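Structure first, commentary second.
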Amino acid sequence: MHPILFKLLVCFVLSFACSANVFADYPAAYVGKAELRDIAVSPDGTALVLLKTGHQDDIVQKFGWDEIMVEDSATGDTRLEIKQTYTYYSKSVNWLYDWVSWPFDDTILSSAVEFTVSGDKFKSRSVFLTINPETGEKKVLAASRKRNLDKELDSPKLIASDAERREVTLAIHKKASVELVSINVDTGRQRLLDTANSRTLTWLLDDSMRPVMRIEKSKSGGLHQYYSSQDGGRNWTLRFQHDPLNEGFYPVSYSSKNNKFIVVSRPADAEHAGLYEFDLHTGQFGKQLFSDSEYDLSSARKRRGSDDLLYSALWKDKLEKHWFTPEDAKLGRAIDSALPDEANWSVFDMSLHGQAWVIYVSSPINPGAYYVLRNDLKRLRKISDARPHIDLSTTSMPRRVDYQTSEGLALRGYFTPSTRSPGHAPLIVMPHGGPVSRDVMDWDGWAQYFAHRGYAVFQPQFRGSGGFGQTFERLGHGEWGRAMQQDIADGVHALEQAGLVSPDQPRSIVGASYGGYAALAAATMTPDAYQCAISYAGVSDLPRMLRQYDPSDAVDAFVRNIWTQRMNNGRDDETELWHRSPISYIEYLKAPVFLIHGTDDEIVHMDQTTAFYDAAVQAGRQAQILLLDHTGHQIYSDDTNTDLLVAMNTFLVQCMPPAPKTPTINGANLP
């Protein structure tokens, strides 16, 4: 059954689950669809458009569709409100919006799925539309054919807009291709700029709205490939490729004057990722614009309508910024002083000349809120919480734990105590994926939900993690199942030494991707260490993973070499890799395991999970399996993320019950 149709039926029958009253202990409050999903500021900075998840209390007669609101950026007064009403017994047309953008003074842009409902018949199509910010009038500029709800839809993606030409450029999916189309928002006239294969992710355009860079996924899905064009998209040349799971390459801006991009990346000879010029036609890095001496740069922001850089950002524990002008640095410090010490913030959108900034603010104990800064009025106003149904008084503040490994390597981890029974709760060890990734001191929906349910959570930053420079990453090469695994165990021991957990407290290990491998390795190689294990998209058989790549194919060989380097320090030895594969130790498995995988995973194939499950069952071990239809390696669906958290919590409650809530002592319950 199509997921949208399933949701409609569930909401119709279980009205309480789709009403405005989302309970704070339900996973959707932590990882599900946010209340405020998107926001954009008008070019002149005086107004905002908000995309909100709609709610209707009377589910039997009505269904809550998305709402769009236009409000004054200075006062918050509502200028326009577009609500929808669904009546089950009569024909209706309703919309579920993907995003909103406000590139022209008199025109808001959006992409949506349009539903036509008549009795028990449902039809849908993907549409790209304009909205008049004064009247709310909608005009469809592009649309797919109407289809039954059992068919998947690909929404148009906004690539660029040009105020002078009154044009927008969209990536529109066809059956076996993606078209780059320019549309005039007044006349609807369309121009085809490029046609590419279905693996195309996006394009970057020059100042004349001509495509100059195209980014595609490789056939195996393991690489991102960057192509350049010098003739407006007629001919393309491969210039650069990288592994998106383990390496960063993020274009920030493009200058047609010198044909160079500004990118966040790490050249091969650099220790840390920084901000660099990148020559599109040679594929070579040029001048370094900024780099930190300890941490990798994670992002950068330019001004709207300009190639001028605003700031670059990096995660230490918190998010920190390097500003490119003294005036912006002063403004940034003023915002810092107005927010809580633990807050992380970034510019989400800004007006054409910088009169208004929309900023997103989050922290380890706050899932996030949107604010608007009116520079001309020197006023910072809160717009809305992203997840208002979470009681912030029940969230748990993590702390950084510094420790040393048995051979003296300095590491860190983040410990989130249970809100129910601090100091006595069962422990969930949660190694991150990648492995070239990391955790930070910011909102983590999984960690906070488990802490709320009665578990303590530990997130170790083992050797090989990303964000700390190339040397630290390379310490993990060849250490899968070895030192990287010991780093996790040393971190748990450090918690015991610090008195944060006791040695006799039950503990489980939960991880996704590389974290899933670490969970299975812990459960099989150290079978007495954990009471339960959960793996999402984890690797169980290292040689099997390498065999999914064809050495005779140049791209596959490139990806295979990356994984061989990370797993075994470049040694292509199947026997050695087999002995560091969790499936090879299946007879030692004691803890019940819960195995989860997406059926469309291109990075770690589903047979990594099904093979481990079959081996566990054949060996008489306790194993459960959940396969998620239409789900890849990374989960982009809020609904799927919610379902996953529900399933994991159900397994953990049975396998390792959480700590009971500590009763409040008051006069009513004293003997």
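The values are calculated or read from the model by the stated rules, or taken from the named source; none is laboratory data. Remember, predicted model here, so these are calculated numbers, not experimental data. As a convention, Cβ positions derive from the backbone with ideal geometry for all residues, glycine included, and neighbour counts pool all protein chains shown.
Is there a residue in region 111-121 that is among the small types (Gly, Ala, Ser) and touching a His at 6+ places or on another chain (Cβ under 8 Å)? The answer is no; no qualifying residue exists. Among the residues of region 11-31, not a single one is in a loop (DSSP other than H, G, I, E, B), at pLDDT 70 or above, under 24 Å from Thr135 (Cβ atoms) and of a type in the set (Ser, Thr, Tyr).
Here region 108-131 is the region considered, the condition is being modelled with pLDDT of 90 or more, touching a Lys or Arg at 6+ places or on another chain (Cβ under 8 Å) and not hydrophobic (A, V, I, L, M, F, W, C), and the residue that is surrounded by the most Cβ atoms within 10 Å (Cβ to Cβ) is Thr130. Taking the criterion of being more than 28 Å from Asp206 (Cα to Cα) and either more than 29 Å from the chain's Cα centre (by Cα) or surrounded by 13 or more Cβ atoms within 10 Å (Cβ to Cβ) (or both), would at least one residue in region 153-161 satisfy it? Within region 153-161, one or more residues are more than 28 Å from Asp206 (Cα to Cα) and either more than 29 Å from the chain's Cα centre (by Cα) or surrounded by 13 or more Cβ atoms within 10 Å (Cβ to Cβ) (or both).
Here Thr609 does not qualify as of a type in the set (Ser, Thr, Tyr) and without any contact (Cβ under 8 Å) to a residue 60 or more places away in the chain. When Ala521, Ala537, Ala512, Ala529 are screened for being more than 24 Å from the chain's Cα centre (by Cα), among the small types (Gly, Ala, Ser) and crowded, with 20+ Cβ neighbours inside 10 Å, only Ala521 passes. Applying the set (1) out of contact with any helix residue (DSSP H, G or I) (no Cβ under 7 Å at 6 or more places or on another chain); (2) farther than 26 Å from Leu50 by Cα; (3) free of Cβ contacts under 8 Å to residues at least 24 places away in the same chain to Trp323 leaves exactly one unmet item: (1).
Filter region 273-297 for residues that are surrounded by fewer than 19 Cβ atoms within 10 Å (Cβ to Cβ) and in contact (Cβ under 8 Å) with a residue 60 or more places away in the chain; which is nearest to Leu238 (Cα to Cα)? Across region 273-297, the extreme among qualifying residues is Tyr295. Residues that are more than 28 Å from Arg191 (Cα to Cα) and surrounded by fewer than 18 Cβ atoms within 10 Å (Cβ to Cβ) within region 247-270 comprise Glu247, Pro267, Ala268, Asp269, Ala270, listed in sequence order.
Yes or no, residue by residue, for (1) surrounded by fewer than 19 Cβ atoms within 10 Å (Cβ to Cβ); (2) modelled with pLDDT of 95 or more; (3) not basic (Lys, Arg):
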site	(1), (2), (3)
His55	yes, no, yes
Asp58	yes, no, yes
Lys62	yes, no, no
Asp66	no, no, yes
Leu96	yes, no, yes
Val140	yes, no, yes
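If you go through region 469-482 and keep only what is surrounded by fewer than 20 Cβ atoms within 10 Å (Cβ to Cβ) and either closer than 20 Å to Pro582 by Cβ or in contact (Cβ under 8 Å) with a residue 12 or more places away in the chain (or both), you end up with Gly469, Gln470, Thr471, Leu475, His477, Arg482.
For Ser421, the stated conditions hold: it is of a type in the set (Gly, Ala, Ser) and modelled with pLDDT under 95. Of all residues in region 383-397, which are touching a helix residue (DSSP H, G or I) at 6+ places or on another chain (Cβ under 7 Å) and under 15 Å from Val361 (Cα atoms)? Hit for region 383-397 is Arg387, nothing else.
Restricting the first member to region 152-173 and to residues that are on the phi > 0 side of the Ramachandran plot, and the second to residues that are outside any strand (DSSP E or B), the beta-carbon pairs closer than 6 Å and six or more apart or on different chains are Arg166/Val185; Arg166/Asp186.
For region 308-330, enumerate the residues that are touching a Lys or Arg at 6+ places or on another chain (Cβ under 9 Å) and part of a loop (DSSP other than H, G, I, E, B). Across region 308-330, the qualifying residues are Asp308, Asp317. Where strands (runs of 3 or more DSSP E) fall entirely within region 336-424, those with at least 2 residues that are surrounded by fewer than 17 Cβ atoms within 10 Å (Cβ to Cβ) are at 379-385, 399-404. If the condition is being charged (D, E, K, R), at pLDDT 95 or above and either under 21 Å from Ala659 (Cα atoms) or in a loop (DSSP other than H, G, I, E, B) (or both), then region 500-552 contributes Arg507, Asp528, Asp541.
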